[in-house]
Amino acid sequence: MQHFDYEYLIIGQGIGGTSVAWHLHDLGKSFQIVGDSSMPSSSRVAAGIFNPLTGKKLVKTWLADDLFPYARVFYGNLETKLGCKFMHVTPIYRPFRSIEEQNTYLAQTADPGISPYVANSPDPGEEMPYVNADFGGLEVVQSGWIDLPVLLDASRSYFQERHLYVEAAFGTDDLSRTDDGVEWQGKRFRTVIFCQGFFALENSWFNWLPFTPVKGQILEIATEAILKSYIINQGIFALPLTENRMKVGATYSWNPLDWEITDAATEELEAKLQGLLRTGYTLTGAQAGIRPSVRDRRPLIGIHPEFPNVSIFNGLGTKGVTLAPFLANAFCNHLIYGKELNPLVNIKRYFSLYFR
Ligand SMILES: Cc1cc2nc3c(=O)[nH]c(=O)nc-3n(C[C@H](O)[C@H](O)[C@H](O)COP(=O)(O)OP(=O)(O)OC[C@H]3O[C@@H](n4cnc5c(N)ncnc54)[C@H](O)[C@@H]3O)c2cc1C
């Protein structure tokens, strides 16, 4: 260890890089994070929702029973450490689209795997006259949202004060490999961890991985109705930020893959919103980002097939908030203690693409 300046070099300070950094920090490991605040980041666009039951078919999120308890403890501890609030545990109200859907969903809630995530309390729809819920609805619990810009800014300040964060545009060509590590800007590290989200596509070490990025847009609105503290979800989500401000999203599109807001996406969201809510509103903002999604919808984590000091933590797709904490823990244990990574997230499953 003596001849390294730091053990780890983390590239990218989205929720991926930040979760890895906190785990290394808590394990007493030395690291530096490189981030470029002028570059876009999916984490700064995301609504930050964590939702255990997703999709039209009310499916339990992959690994939910592991991911959700872990994330709650991780974010809660971080709030205490940083002295600021960014976790908002908030139920999700899912209006039924029809009597058939009501029957199907209610039958599903008897499943012991699903029932812990559904409230037993009476339908809260009546408290929300601004929601179209003619057939009633389901209340999902253990859900909520993370205010990611608050978490990321507070984490950055914490690391900056301790000289663990460097503001710089990292260029892959500026990194060189040594016999037992890597070197960047004259400093020696044992291992580099790339947490670049969408920008992994520009990284020659890992651009062979099967990323299938998805652009998304969200809106911000000011409502006439006074809002209750429920995220509304049916096809899109409407997330109350205050009692008359909401985030509404999101779209999914593949071409072009850029960070620009478009009128078409705004119109798509507004059309869906008008089906979901009965309230006048004013559009107050919009943001677009690119989700680092993957062909098989599982993260891309692990060590380079040829170079043991080069690694990646990426592919968080549409669920960075729930996946990042649990998997950052698994990844750090893999790097430090050699513990096996879940093969479904380990990039080993794609090594054949590298060697072909
Ligand atoms: C519209 C939208 C809504 C979403 N809603 C949700 C949601 O409700 N819940 C949820 O869990 N997820 C949501 N997501 C997905 C979520 O944004 C991602 O899963 C997550 O943010 C990915 O985090 P990341 O750290 O891997 O990537 P990023 O957040 O993109 O972070 C990568 C970082 O690396 C930096 N970087 C890259 N290259 C360099 C370089 N060369 N030099 C310096 N820095 C570099 C980037 O600037 C960036 O800051 C949403 C995404 C979108 C687009």
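Rundown of residues vs (1) within 30 Å of ASP180 (Cα to Cα); (2) assigned by TED's automatic domain parsing to the domain that holds ASN103; (3) at pLDDT below 95; (4) not aliphatic (A, V, I, L, M), yes/no style:
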site: VAL20; (1), (2), (3), (4): yes, no, no, no
site: LEU24; (1), (2), (3), (4): yes, no, no, no
site: LYS29; (1), (2), (3), (4): yes, no, no, yes
site: MET39; (1), (2), (3), (4): no, no, no, no
site: LEU58; (1), (2), (3), (4): no, no, yes, no
site: ALA64; (1), (2), (3), (4): no, no, no, no
site: PHE68; (1), (2), (3), (4): no, no, no, yes
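Only one of the numbered conditions (1) surrounded by 20 or more Cβ atoms within 10 Å (Cβ to Cβ); (2) more than 29 Å from ASP123 (Cα to Cα) is not met by ILE218, and that is (2). At least 3 residues being surrounded by fewer than 21 Cβ atoms within 10 Å (Cβ to Cβ) and within 13 Å of the ligand (Cβ to nearest atom) is the threshold, and among the strands (runs of 3 or more DSSP E) wholly inside region 17-102 not one reaches it. State which residue is surrounded by the fewest Cβ atoms within 10 Å (Cβ to Cβ) when the search covers only region 228-250 and only residues that are among the charged types (D, E, K, R) and away from the ligand (no atom under 13 Å from the Cβ). Looking at residues that are among the charged types (D, E, K, R) and away from the ligand (no atom under 13 Å from the Cβ), I get GLU243. Considering the conditions (1) at positive phi; (2) crowded, with 20+ Cβ neighbours inside 10 Å, VAL321 is excluded by exactly one of them, (1).
Number of residues in region 153-194 that are surrounded by 12 or more Cβ atoms within 10 Å (Cβ to Cβ) and in a strand (DSSP E or B) equals 16. Among the conditions (1) surrounded by fewer than 18 Cβ atoms within 10 Å (Cβ to Cβ); (2) more than 15 Å from the ligand (Cβ to nearest atom), SER253 misses just one, which is (2).
Of all the listed residues (LYS247, LYS187, LYS215, LYS228), the sole one being within 21 Å of GLY16 (Cα to Cα) and at pLDDT 95 or above is LYS215. Do you know which of the residues in region 120-146 that are over 26 Å from the mean Cα position of the chain (by Cα) and of a type in the set (Ser, Thr, Tyr) is nearest to the ligand (Cβ to nearest atom)? By that ranking, first place goes to TYR130.
Only one entry in SER41, SER37 is under 29 Å from TYR281 (Cβ atoms) and among the hydroxyl-bearing types (Ser, Thr, Tyr), namely SER41. Residues in region 103-123 that are part of a helix (DSSP H, G or I) and either among the basic types (Lys, Arg) or surrounded by fewer than 18 Cβ atoms within 10 Å (Cβ to Cβ) (or both): ASN103, THR104, LEU106, ALA107, SER115, PRO116. Every condition in (1) away from the ligand (no atom under 11 Å from the Cβ); (2) modelled with pLDDT of 95 or more; (3) assigned by TED's automatic domain parsing to the domain that holds TYR130 is met by GLN287 except one, and the failing one is (1).
The values are calculated or read from the model by the stated rules, or taken from the named source; none is laboratory data. Since the model is a prediction, treat every value here as computed from it, not as a measurement. Glycine also receives a Cβ, built like all others from the backbone with ideal geometry; neighbour counts cover every protein chain displayed.
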